[in-house]
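Undergrad: The structure under discussion is supplied below as structure tokens; questions concerning it will follow.
Bear in mind these aren't lab numbers, they're just calculated from the coordinates by the rules spelled out. Being a predicted model, the structure only gives us computed values, none of them experimental. Note that we place each Cβ from the backbone using ideal geometry, even for glycine, and neighbour counts take in every protein chain shown.
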Amino acid sequence: MAPTKNRYVLDWIDEQVKLTQPDKVVWITGEEDQLDALRKEAFSTGELFELNQDLLPGCSLHRTAINDVARVEDRTFICTPTREEAGPTNNWMEPSEMYAKLNALYDGAMKGRTMYVIPYSMGVIGSPFAKYGIELTDSIYVVLNMAIMTRVSSKVLDALGDSPDYIKGLHAKADIDENNRYIVHFPQDNTICSVNSGYGGNVLLGKKCFALRIASYLGRNEGWFAEHMLILGIENPQGEVRYLAAAFPSACGKTNLAMLIPPEVYREKGYKVWCVGDDIAWLRVGEDGRLWAVNPENGFFGVAPGTNEKSNPNALASTRANTIFTNVVHNLDDNTVWWEGLDDNPPTNALDWKGNKWDPSSGVKGAHPNSRFTAPAEQCPVISSEFNNPQGVPISALVFGGRRAKTAPLVYQSFDWNHGVFVGSIMASETTAAAAGAVGVVRRDPMAMLPFCGYNMGDYFAHWINMGDKIENKPKIFNVNWFRLDDNGKFIWPGFGDNMRVLEWILKRSFDEIDAEETAIGYMPKPEDINIEGLDISLDTMKELLSVDVESWKEDIENIREFYSKFDEFDTLPQELRDQLDALEKRLG
Ligand code: GTP
Ligand code: SPV
Ligand code: MN
């Protein structure tokens, strides 16, 4: 029996059942007994491997198909009635044409399989800012991941009542055929369709599909932001906590920054960092005129490689129980997991991410570069006491950043809000393994939202500019780059926990507690104003990290103009941004 009488839900599910023709339909309640039974079923079919329950209680391992290891941006569509609404940076198809294509792929796709109905909430169930979704899927892996990443519960159906206000999601694994793989959003229909994939970002529909693409569309209409941002709080020795949100592209350091452990010199003084979120922020203007942020998720879907006891001990600790590992190395000696960068002792009796016998001395990577862990947020040793606060936390600084070998200095501050929007709009970063395609190619990725904006990005920029008028107490806007390389191709800045030193400057600036130098690109720290106590780095190196290479900035201007010219087609780029670009060019001389 369906646990709801909501006709909008029941009629929609009936239609999808007729289309996909599952053998049976199972409603997910979110209760542990049911999830445990599903885990056991997945162990019996090989969909999941149960790991060593003494060392990793509640943990399991999953391998995706080898052609299905990352988001597929070229197969991700925004299907609005007109192409202009989707804009020049999104793939678009006319909705009825796309529905016809999808229906052919969904037709009978669940024959012989079970359809799971997952009611879930993005945000605290019952809170004014929560939004609800129902995902239909034929994958137990999806059910178990959604139960970690979102708030899955029958209570969602109670909170929804007989309202039509929920996001519909249909996922079918079908044949995992990469040539018929589609991740499609119909913002006007509150609908997401995913077919022929079993990889995280393509199939956990609450995450990028709902909480960013659909939510960004809703946010523009309703006057708020859905952003690809981590949220963290820094507690000073007096016990005061200041919060910031930061947008970096995929696999560029959000999870690491969100739960960093401050360097010893800070810990001794009593500084602490609290993690509110590591990937997605929903931001609204509060009654006090400040910007308030909630993390709509309930877990971390984090990059495994590079995570270790030194780089991110809090992430590692979060994964020691109740975690699903995807595409990592399976250590057969003790039935645990391993990935590149975990430690210097790769297992010799092991299977690689493809499930083949693996020889660590072969030079071939054992874990996929985009292998991930799905871990409950509450298991993070530094999860914020405000994590479940439906009001969220007040944001004092917004930070943009990317992976730039040159050009971008360690940190700079925008002159004002509109200049800050400009700084976000010109973000660029080297591509990573988080999306299918070439790695290490510099591309413009405004606000780290290029793959995640659910409407015309020109209108998105305008929304950012307009919000500036609505936020009375605006956060200051900054840009950071942890990834500058020296002539030998080594990172100059130590990064990770030491990024705290840069955050300290950012927060001091946000509260007008420190001076800065005015440069062509924005306000910059005096080299001696970044605390390098206890760090093996010279003042000269700091000067290098904070230098502005005028020639490469001038080259960049050309590239920015080219990127901006994409928006000529529908003429949606705000004049404010063109003015900002001209002003920057002038200042560079
Ligand atoms: P998504 O989950 O894909 O959105 O990524 P993310 O932004 O959360 O990235 P994450 O924190 O998982 O970092 C990805 C990669 O960047 C890992 O390989 C890290 O080791 C590396 N990384 C993170 N922070 C730093 C840093 O401060 N310096 C350097 N050099 N590398 C870093
Ligand atoms: C990203 O790619 O930015 C991620 C992982 O956070 S995924 O959920 O696959 O999008
Ligand atoms: Mn992400």
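Undergrad: Nearest 10 degrees, 0 to 90: what angle lies between the long axis of helix 550-565 and the longest principal axis of the chain (Cα atoms)?
TA: In the chain, helix 550-565 runs at an angle near 40 degrees to the longest axis.
Undergrad: How charged is the neighbourhood of residue 429? Take every other residue with its Cβ under 10 Å from the Cβ of residue 429, and add Lys/Arg as +1 and Asp/Glu as -1.
TA: Every neighbour counted, the sum reads +2.
Undergrad: Something else: So what's the projected area for segment 257-319, the Cα convex hull averaged over all directions, in nm²?
TA: If you wrap the Cα atoms of segment 257-319 in a convex hull and average its projections, you get 5.8 nm².
Undergrad: Do any GluC sites (Glu not before Pro) in segment 19-101 lie in a loop, going by DSSP, with at most 15 other beta-carbon atoms within 10 Å of their beta carbon, and if so which?
TA: 31
Undergrad: Return 117, 423 ranked ascending by Cβ neighbour count within 10 Å, so the fewest neighbours appear first.
TA: Ascending Cβ contact count within 10 Å gives the list 117, 423.
Undergrad: Quick check: net charge around residue 124, other residues with Cβ under 12 Å of its Cβ, Lys/Arg +1 and Asp/Glu -1?
TA: +1
Undergrad: Related question: How many Å³ per residue does the convex hull of the Cα positions in segment 1-54 occupy?
TA: Taking the convex hull of the Cα positions in segment 1-54, it is 110 Å³ per residue.
Undergrad: Which of 482, 292 has the fewest other C-beta atoms within 10 Å, and how do the rest follow up to the most?
TA: 292, 482
Undergrad: Got a sec to turn the phi values of segment 352-357 into Karplus ³J(HN,Hα) couplings, 6.51 cos²θ - 1.76 cosθ + 1.60 with θ = phi - 60°, whole Hz, x for Gly and Pro?
TA: These are the phi-based 3J(HN,Hα) values: 7, 5, 8, x, 8, 3 Hz.
Undergrad: What net charge do the residues around residue 367 carry, taking every other residue with its C-beta under 12 Å from that of residue 367, with Lys and Arg at +1 and Asp and Glu at -1?
TA: Neighbour charge sum, excluding residue 367 itself: +2.
Undergrad: Return P(r) of segment 53-100 (all Cα-Cα pairs; 10 Å bins starting at 0; whole %; ordered from short to long distances).
TA: With 10 Å bins starting at 0, P(r) equals 21, 29, 20, 16, 12, 2.
Undergrad: If you line up the Cα atoms of segment 270-418 on their principal axes, what length do they span on each, largest first, in Å?
TA: 58, 39, 32
Undergrad: Next up: Per q in 0.19, 0.23, 0.24 Å⁻¹, report the Debye log10 I(q)/I(0) for segment 404-483, using one uniform scatterer on each alpha carbon and no solvent.
TA: -0.91, -1.16, -1.21
Undergrad: Taking 2.2 N^0.38 Å as the expected size of a compact globular protein, what ratio does the Cα radius of gyration of segment 467-567 give against it, to two decimals?
TA: This ratio for segment 467-567 stands at 1.26.
Undergrad: Relative contact order of the chain: what whole-number percent is it, with Cα pairs under 8 angstrom and at least 6 residues apart?
TA: Relative contact order, the chain: 15 percent.
Undergrad: When 464, 338 are ordered from fewest to most other Cβ atoms inside 10 Å of their Cβ, what list results?
TA: Arranged by neighbour count, lowest to highest, 464, 338 become 338, 464.
Undergrad: A follow-up question, please. List the pair-distance distribution P(r) of the chain, using every Cα-Cα distance, as the percent of pairs falling in each 20 Å bin from 0 up to the bin containing the longest distance, rounded to whole percents.
TA: Over the chain, the share of Cα pairs per 20 Å bin runs 21, 56, 23, 1 percent.
Undergrad: Compute the acute angle (0 to 90°) between the alpha-carbon long axis of helix 95-106 and the principal axis of greatest extent of the alpha-carbon atoms of the chain; round to the nearest 10°.
TA: 50 degrees
Undergrad: I want to verify the translational diffusion coefficient of segment 340-404 in µm²/s; compute it with Stokes-Einstein, Rh as the Kirkwood radius over Cα pairs, at 10 °C and 1.306 mPa s.
TA: 98 µm²/s
Undergrad: I need two numbers for segment 300-379: Rg to one decimal and Dmax as a whole number, Cα atoms only, in Å.
TA: Cα only, segment 300-379: 11.9, 38 Å (Rg, Dmax).
Undergrad: Angle check, please: helix 457-470 long axis (alpha carbons) against the longest principal axis of the chain (alpha carbons), in degrees 0 to 90, nearest 10.
TA: Tilt relative to the chain: about 60 degrees.
Undergrad: While we're looking at this one, here's another question. Which ³J(HN,Hα) values, rounded to whole Hz and listed in residue order, are derived for segment 473-489 from phi using the Karplus coefficients 6.51, -1.76 and 1.60 in 6.51 cos²θ - 1.76 cosθ + 1.60 with θ = phi - 60°, glycine and proline given as x?
TA: 3J(HN,Hα) across segment 473-489, in whole Hz: 9, 6, x, 6, 10, 10, 10, 10, 8, 8, 10, 5, 9, 8, 5, 8, x.
Undergrad: How about segment 497-538: which GluC sites (Glu not before Pro) there are in a DSSP loop, with at most 11 other Cβ atoms within 10 Å of their Cβ?
TA: Here the sparse-neighbourhood loop sites are 513, 533.
Undergrad: While we're on this one: Using a/c under 1.5 as the rounded threshold, could you call segment 239-287 rounded, prolate or oblate? The axes a ≥ b ≥ c are square roots of the C-alpha gyration tensor eigenvalues, and prolate needs a/b larger than b/c, oblate otherwise.
TA: Taking the square roots of the gyration eigenvalues as a ≥ b ≥ c, segment 239-287 is oblate.
Undergrad: Normalised by the number of residues in segment 300-379, what is the relative contact order in percent for Cα pairs under 8 Å and 6+ residues apart?
TA: Relative CO of segment 300-379 lands at 43 percent.
Undergrad: Continuing with the same structure: What is the Cα radius of gyration of segment 130-197 over 2.2 N^0.38 Å, N being its residue count?
TA: With N residues counted in segment 130-197, Rg over 2.2 N^0.38 Å equals 1.20.
Undergrad: Hey, another quick one. Can you find, among 123, 545, 157, the residue farthest towards the positive end of the dipole of the chain? Put +1 on the C-beta of Lys and Arg, -1 on that of Asp and Glu.
TA: Sorting the options by dipole projection puts first 157.
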